[in-house]
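Rule-based calculations on the coordinates, nothing more; no lab input. Keep in mind that what you see is a predicted model, and the values were worked out from it rather than measured. Note that we place each Cβ from the backbone using ideal geometry, even for glycine, and neighbour counts take in every protein chain shown.
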């Protein structure tokens, strides 16, 4: 691991680093221009260092310490207003050498590192899509990527995790013989990656099986889990039986513990969870499903499922 204090790349080098992280072009000039506001102020430099240190503490552990993450979030909230929503991006850029070093120690290919950490750019694109301004939409989500907990392998993302106290009985009721603390992989479906086709999912799962056997042999993953609105069985009322989402659902053994989540499909399908339901577009079958169900007084839920890995 790098032993020096976390620092930002020089201004001339920063654009190439940002491009490797898939940061949108329209944000690069702003990040380069605001860099001096970070590096010339001793208090901001200290805040940046503290945030990076909290982020990479116990790097590689499958679950970050909640207290460290609380301090990490508080540090981001203390960023100077002049930096807008960009301070978190500087923190992740400064943490990049630590993450890359961890990946190298594990023998993880540079291409996998690049594809995984490109979620920073995807996140910033989502922020601009929703707010019309630059920034990082969900920095707490990106903690998983930069701590070595999550990897992009083809169409899907796979998060090294453990089964929790609440999840264990739900999975047992669905047929999985597992207890709290047992390793599992959480599946995530990122945006801006094209259709969720069965072939793409099959390829992604094949890559994941080989990846985790090779790079994390000490962690035996018997099951993959998913907790997402995409697993809400109500979607089958509206979508064709051979649709990508329905076929994705059919991979899982459903667990019946559900949570209300009307905003989740609106966020991911339309880009903004605060859009008024009455005006949601009806251009695609999924848009019609999400909007029509809500307009009819229905609700969407987080579905939970698993399958043997």
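The long axis of helix 25-39 is offset from the longest Cα principal axis of the chain by roughly 50 degrees. Multiplying the residue separation of residue 193 and residue 234 by 0.36 nm and subtracting their alpha-carbon distance yields 12.4 nm.
Annotation: average projected area of segment 99-142 is 3.3 square nanometres, based on the convex hull of Cα atoms across all directions. For the pair residue 307 and residue 13 in one chain, pulling the backbone fully straight at 0.36 nm per residue adds 101.4 nm over the alpha carbon distance. Each label was represented as a point 7 Å from its Cα along the Cα-to-Cβ direction; for residue 81 and residue 202 these points are 5.6 nm apart.
So what's the projected area for segment 99-237, the Cα convex hull averaged over all directions, in nm²? Walk me through the intermediate numbers first.
Working: hull surface 40.2 nm².
The directionally averaged projection comes out at 10.1 nm².
The distance between label points at residue 296 and residue 166 comes to 2.9 nm (points 7 Å beyond Cα on the Cα→Cβ vector).
Normalised by residue number, the volume inside the convex hull of the Cα atoms of segment 73-129 is 86 Å³ per residue. Can you give me the angle between helix 66-77 and the longest principal axis of the chain, using Cα atoms only, in degrees from 0 to 90, rounded to the nearest 10? Its long axis makes an angle of about 60 degrees. When peptides 267-279, 81-93, 289-301 are sorted by average Cβ neighbour count within 10 Å, with the highest value leading, the order is 81-93, 289-301, 267-279.
Note on segment 149-309: Cα-only Rg and Dmax are 16.3, 51 Å.
In terms of other Cβ atoms within 10 Å, 259, 219 run from fewest to most in the order 259, 219. The calculated FRET efficiency for the pair residue 39 and residue 133, based on their C-beta separation and a Förster distance of 22 Å, comes to about 0.45. Legend: translational diffusion of the chain by Stokes-Einstein, Rh = Kirkwood radius over C-alpha pairs, 10 °C, 1.306 mPa s; D = 77 µm²/s. A convex hull fitted to the Cα coordinates of segment 1-138 yields 112 cubic angstrom per residue. For the chain, the longest principal axis of the Cα atoms and the long axis of helix 42-56 meet at an angle of about 40 degrees. Remark: the Cα gyration tensor places segment 1-44 in the oblate category, a/c being 1.5 or greater and a/b not exceeding b/c.
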